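The values are calculated or read from the model by the stated rules, or taken from the named source; none is laboratory data. Just so you know, these numbers come straight off a predicted model, no measurement behind them. Cβ placement follows ideal geometry from the backbone for every residue including glycine, while neighbour counts extend to all protein chains displayed.
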Amino acid sequence: MRIIESADNTLFKSFYRLKSPHQSKKERLVIVEGIRHVADLIDNQIEPDYLVFSNDERGKHAMNILEGETRISLSAVTNDKVCWLAPHLFERLSEMKTHQGVIAIVRPPSLTLAELLDALEGSTARLLLLEDVQDPGNVGTLIRTADALGFNGVLLSDSTATIYNPKTVAASMGSIFHIPIVELRSDVSLIADDLKRLGYVMVASDIEDDNLASGRPQAPKLVLMMGNEGKGLSEEALAVADLSVRIPMRGKAESLNVASAGAILMWEIVRGESKLVE
């Protein structure tokens, strides 16, 4: 059993560096916290690079639950990938106010846009595209909502908060491992051209345009575009949209958080899916 008690330990330093989104993205590794989320990973046969436990009662409790109540065997995770951190080191690594004694260091699935589109060829598809959404909590929440509502994938512009940000991971509640996610390297306008050639309808969330109440977006292949928290979608993104929609505001609030607005728009799209033209 590997026990780490010093902050100077090389392995602990490598874990701690992952708290930086830049370093996490560079190494293609993320920190996943909590018993339920770690269990979900192993249950879905996603093997962590490391399983890290707090070397105290909370860590032992987490180990017992993972091996017992959830009927998950840790035998697939070799001993050299399991380590125990001194409680004060685990506290430094954890992002939770009250941690549950277990962290997984894991590599999210990597997918290109071409691979995703190939997998969706010939089927009805709904994609969420996020352009310049800065807050990782919003990005994680939107990924979680897209997963919950059965969207087929999430596309992130290069200016959107990365899935390698610990706050994105936490807000997604494990959904970054459930739904295909593509981090784009081209401008949204260029991506839109490729999508349109494949029959995708580009739908823009735009506070200046038509009410969603006037009709739900309906198409066999559809991309919902959501923009920056303050500025919304760029002019370039709006220019490539086939349809623009907005949520009618009945009360005194002027606007909604992008994660809330995205949830409403995705639900409206799903609600109208029975009317999709096949």
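GLN134 falls short on exactly one of the conditions (1) closer than 25 Å to ALA241 by Cβ; (2) polar (S, T, N, Q); (3) more than 16 Å from the chain's Cα centre (by Cα), and that condition is (3). The residue that is surrounded by the most Cβ atoms within 10 Å (Cβ to Cβ), among those in the range 136-163 that are part of a loop (DSSP other than H, G, I, E, B) and of a type in the set (Val, Ile, Thr), is THR160.
Scan the range 14-22 and tell me whether some residue there is charged (D, E, K, R), exposed (fewer than 15 other Cβ atoms within 10 Å of the Cβ), modelled with pLDDT under 90 and under 22 Å from SER172 (Cβ atoms). Taking every residue of the range 14-22 in turn, none turns out to be charged (D, E, K, R), exposed (fewer than 15 other Cβ atoms within 10 Å of the Cβ), modelled with pLDDT under 90 and under 22 Å from SER172 (Cβ atoms).
Matching residues to (1) in a loop (DSSP other than H, G, I, E, B); (2) modelled with pLDDT of 90 or more; (3) in the same structural domain as ALA261 (by TED's automatic domain parsing); (4) more than 29 Å from ASP147 (Cα to Cα):
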{"site": "LEU51", "(1), (2), (3), (4)": "no, yes, no, no"}
{"site": "LYS60", "(1), (2), (3), (4)": "no, yes, no, yes"}
{"site": "ILE72", "(1), (2), (3), (4)": "yes, no, no, no"}
{"site": "ASP80", "(1), (2), (3), (4)": "no, no, no, yes"}
{"site": "LEU89", "(1), (2), (3), (4)": "no, yes, no, yes"}
{"site": "ARG92", "(1), (2), (3), (4)": "no, yes, no, yes"}
{"site": "LYS97", "(1), (2), (3), (4)": "yes, no, no, no"}
{"site": "ASP118", "(1), (2), (3), (4)": "no, yes, yes, no"}
{"site": "GLY122", "(1), (2), (3), (4)": "yes, no, yes, no"}
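Residue check: LEU224 meets all listed conditions (1) over 17 Å from ALA261 (Cβ atoms); (2) at pLDDT 90 or above but one, namely (1). The residue list ILE46, ILE42 contains one member that is surrounded by fewer than 19 Cβ atoms within 10 Å (Cβ to Cβ), of a type outside the set (Asp, Glu) and out of contact with any His (no Cβ under 8 Å at 6 or more places or on another chain), which is ILE46.
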